[in-house]
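Only one structure is covered here, and it is reproduced in the block below.
The values are calculated or read from the model by the stated rules, or taken from the named source; none is laboratory data. Everything numeric here is computed off the predicted structure, so don't read it as measured data. Here the Cβ is made from the backbone with ideal geometry for all residues, glycine too, and neighbour counts use every protein chain on show. The accessibility values were calculated without ligands, DNA or RNA, using every heavy atom of the protein model including side chains. Shrake-Rupley method; radii C 1.70, N 1.55, O 1.52, S 1.80 Å.
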Amino acid sequence: MSQRLLRLHEAMVLRHPVLVLTVVFIAAAVLAFGLPNFKLDASADSLTLEHDTDLDYFREVNQHYGSGDFLVVTFTPHNVDLFSDAALETLKSLTEDLSRIDGVVGVNSIITVPLLYSPKVTVAELKDEPRTLLTPDTDRQLAKREFLESPIYRNLILGPNGQTTAVLATIQLDQRYTELVRQRDALRLQRDTTGVTPQEQQELDRVSQEFLDYRTARAAVEHRRVQEVRAVLDKYRDKAELFLGGPSMVTADMIDFIKSDLRIFGIGIILFIIATLAVIFRQVRWVFLPLLVCVLSVTMVLGWLSWIDWRLTVISSNFVALLLISTLALTIHLIVRYRELLRDRPADELIDLVRETVSSMARPCLYTVLTTIVAFLSLVVSDIRPVIDFGWMMTIGLTLALVLAFLVIPAGMMLTGKGVNNDGDDNSASLTLHFSRFTERHGNILLVLALTIALVAGYGVTLLKVDNRFIDYFRANTEIHQGLAVIDANLGGTTPLDIIIQAPSFDAPALDIAADADDPYGGGDAFDDSYGDGDDAFDDAFGDAFGDDAEDAPQNSYWFTTAGLDDLEKLHAFLESLPEIGKVNSLVTAFHVANDLTGHRLNDFELAVMRQNMTPEINNFLIAPYIDDAQNQTRVTMRTVETQGDLRRAELLAEIENFLVEDLQLAPDQYRLTGLMVLYNNMLQSLFYSQIVTLGAVFFGIMLMFLVLFRSLKISLIAILPNLLAASIVLGGMGIVGIPLDMMTITIAAITVGIGVDHAIHYLTRFTREFVVDRDYVAAMHRSHATIGRALFYTAITIIVGFSILALSNFIPSVYFGLLTGVAMLAALLGSLTLLPKLILTFKPFGADRSDGA
């Protein structure tokens, strides 16, 4: 079959090179027309699990409690006190400008929130319009103390230095977005579990496209809004230090990062390719042809992705760099082989040289691409859409690169002629021969060294951790990092975490005020005594509640009674004791404030009356976000602090759940943790387990390919051992130096094996050919190093330096991905040029050596 394919290749490509290139260029041009529609996606949805029930619950909670998107601005005035007239006037002007931006439904800051301790209000005054910092005669120093110490604002709105505050711009909740995404996800889940009818599949396609179009339009609106906010902030930067934060801001900036990375990596890698090829081959044709294949492969894949509206994310965007470098490696192997043939057989016809090049390289190149594809297909088993997309994009791209390499390079060779043989001036073989001589002379030391490295790497693997800080994803000079650092250190933490708790199943003690209006306390005078000296402030404030409308008096849910609040107080105190938790808000906050204002601990009756008589502003601020009376449900919100200590998300969530079960005696169906922290932790944990497990599947798949290619279990085991060591070195090194596994670095092991085995395939294929010459293992090793060793050296250096360009990214996981992949490729190269030949010499998998008397 292979000979038939080679004859077909000769008839179509080698005999008609112009036609082949014309067809390729036309196909590339058609696909390239889609590039103007190319889109990026950095939404929060792109970093969550595909069928995560926590994600749907998170959206439901946001919709139920009216929690939409927000932008937060940190404000630190220059050279003046925050509470001075000048600073407050600037803050007021900034607040007004932000409120005028389209989509902003409210702006809160220290000048807008209600003051309850400046001075301390009476219970009666809770019915009145609240005082703010801009209310005439407000004591600003007293207000400053309230912001720093009160249960409501402590660690929330004013930094401990009293000079940094936050301005929160609330964005209108997008109900349409939530409805569409939940409808789409429900149909996807049905499709992937029980199956769908043709009509339901059509509905899924329709909803998916409608959601995609809607999200695209919304992303443009959000990006424009962020730019408008930044334009507003620019007007005030001479008066204050300002940083912008919030989910939509992070999304907008990550889109810009992806665009910048694509531009920098694209230009940088192309320049690097040109320089590398010029240094290696020193002929224009060997620079132009590989570069053409690289550009065509990326252009065609990106064009096709644009036509079908398949978007790049912060993860899958790295496929451009990977595809360029992988394609270049293929072309280098073809060119090196052609130059060898031209050097050894200069009198042969051009078509014979090209035919032999294709014939000798087709099988190893096919298997190197297939093994790399196996590695990337392991990403498809992930439940994270961007990781799945990354795997499929690379699979498609590598397949296309293989086809283009064997079309464009041979056709180009036929058109450009035999060329001048300058291969004799290449001294790189002297370098690779150093490795073969070292292996021959110090092979035993090499084995001991490899075993030692394997043991150390194994220990390092046990130290790997998956948790890391989101703030560390960005360089310190980016606004995302700076803003998150200020918010985290001064304003109560960054990543949101909520606990939703259902009341016990028994009937909650709802209080009917009208039941005993004449003597609600059962004839006792505890209420009067609690105020001391007969203070009737509570009666004076809320006496109307016992009038003609008493039958309409409120009935509190379980959570706004002393029984429910007692449980919440325990939870609130526990959460505040955790170093990883910043600001905690719940009904307990309002309860403590009410107790403080009245001078005693309120009972159920007082809680009900007080809540009924609160102004809407205070109720919406202190009560409504934390209770759902209809469902007898309460909500505790908090934010995690990432800049202090070593954040371990999974352990923190487990510790909180343990307290809910063991200390509060809640049943598993009574509570649920939700929020971005839960979703992000789910993603990391899923990726960790899926990739660690599938790494074994990658090795198994590659072993099967080795068995098919080499038809020998011994050779297959020998081929895979150096790559196991390379993967272990990277993972173990990460564990030892403390680099956490994240959405990017966790894929390195599989990718390392997939790319690294390319060296083993090419080396063993060439070694087989050289061994047949004289059946001398040592001589075959030296010849292999002098020939294919050069190609391995070229491709490895290309990959290592090419991936190092990722170090220029503002997205730190991409930096780690590039550098660690470079380390992995270096380990794979050294393993293929030292450990692999030593294993061959030791176990002699090709039969007896000539010196053995064979």
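Quick notes on this structure:
- Comparison of G195, G162 shows that the only residue that is small (G, A, S), touching a residue at least 12 places away in the same chain (Cβ under 8 Å) and in a loop (DSSP other than H, G, I, E, B) is G162.
- Verdict on L302 being in contact (Cβ under 8 Å) with a residue 60 or more places away in the chain, part of a helix (DSSP H, G or I) and in contact with a strand residue (DSSP E or B) (Cβ under 9 Å, 6 or more places away or on another chain): yes
- Qualifying positions in region 130-145 - of a type in the set (V, I, T) and under 18 Å from L156 (Cα atoms): T132
- Residue within region 233-242 that is in contact (Cβ under 8 Å) with a residue 24 or more places away in the chain, farther than 21 Å from T313 by Cβ, part of a strand (DSSP E or B) and open to solvent by 30 Å² or more (accessible area, probe 1.4 Å) present: yes
- Flag if Y816 is in contact (Cβ under 8 Å) with a residue 40 or more places away in the chain, open to solvent by 10 Å² or more (accessible area, probe 1.4 Å), farther than 26 Å from L370 by Cβ and hydroxyl-bearing (S, T, Y): yes
- Once region 217-248 is narrowed to residues that are within 20 Å of the chain's Cα centre (by Cα) and within 25 Å of V320 (Cα to Cα), the residue that is modelled with the lowest pLDDT is A219.
- In region 390-414, the residues that are under 22 Å from the mean Cα position of the chain (by Cα) and open to solvent by 10 Å² or more (accessible area, probe 1.4 Å): W392, T395
- First in region 344-372 and within 20 Å of G417 (Cβ to Cβ), second anywhere and hydroxyl-bearing (S, T, Y) and part of a helix (DSSP H, G or I), Cβ under 6 Å, 6 or more apart: T357/Y338
- Residues of region 566-616 that turn out to be within 28 Å of D128 (Cβ to Cβ) and over 38 Å from the mean Cα position of the chain (by Cα), as a count: 26
- Condition met for I746 (touching a residue at least 24 places away in the same chain (Cβ under 8 Å) and under 27 Å from G391 (Cα atoms)): yes
- L684 open to solvent by 10 Å² or more (accessible area, probe 1.4 Å) and of a type outside the set (D, E, K, R): no
- Among the residues of region 282-298, not a single one is within 25 Å of the chain's Cα centre (by Cα) and farther than 24 Å from A791 by Cβ.
- Annotation: R635 fulfils all but one of (1) crowded, with 21+ Cβ neighbours inside 10 Å; (2) under 22 Å from the mean Cα position of the chain (by Cα); (3) not small (G, A, S); the unmet one is (2).
- Scanning region 249-294 for residues that are of a type in the set (V, I, T), surrounded by fewer than 17 Cβ atoms within 10 Å (Cβ to Cβ) and closer than 30 Å to I812 by Cβ yields I264, I267, I270, I274.
Residue-by-condition table, conditions (1) touching an Asp or Glu at 6+ places or on another chain (Cβ under 9 Å); (2) at pLDDT 85 or above; (3) hydrophobic (A, V, I, L, M, F, W, C):
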| residue | (1), (2), (3) |
| --- | --- |
| I797 | no, no, yes |
| L808 | yes, no, yes |
| L829 | no, yes, yes |
| L841 | yes, yes, yes |
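- Apart from one condition, G802 fits all of (1) open to solvent by 30 Å² or more (accessible area, probe 1.4 Å); (2) part of a helix (DSSP H, G or I); the exception is (1).
- Selected residue (criterion: nearest to H592 (Cα to Cα)) from residues of region 85-131 that are polar (S, T, N, Q) and open to solvent by 30 Å² or more (accessible area, probe 1.4 Å): T122
- Any hit, region 570-585, residues being within 21 Å of T494 (Cβ to Cβ) and of a type in the set (V, I, T): yes
- Any hit, region 256-266, residues being part of a helix (DSSP H, G or I), at pLDDT 85 or above and closer than 30 Å to M393 by Cα: no
- Across region 660-676, not a single residue is classified as aromatic (F, W, Y) and either at pLDDT below 85 or on the phi > 0 side of the Ramachandran plot (or both).
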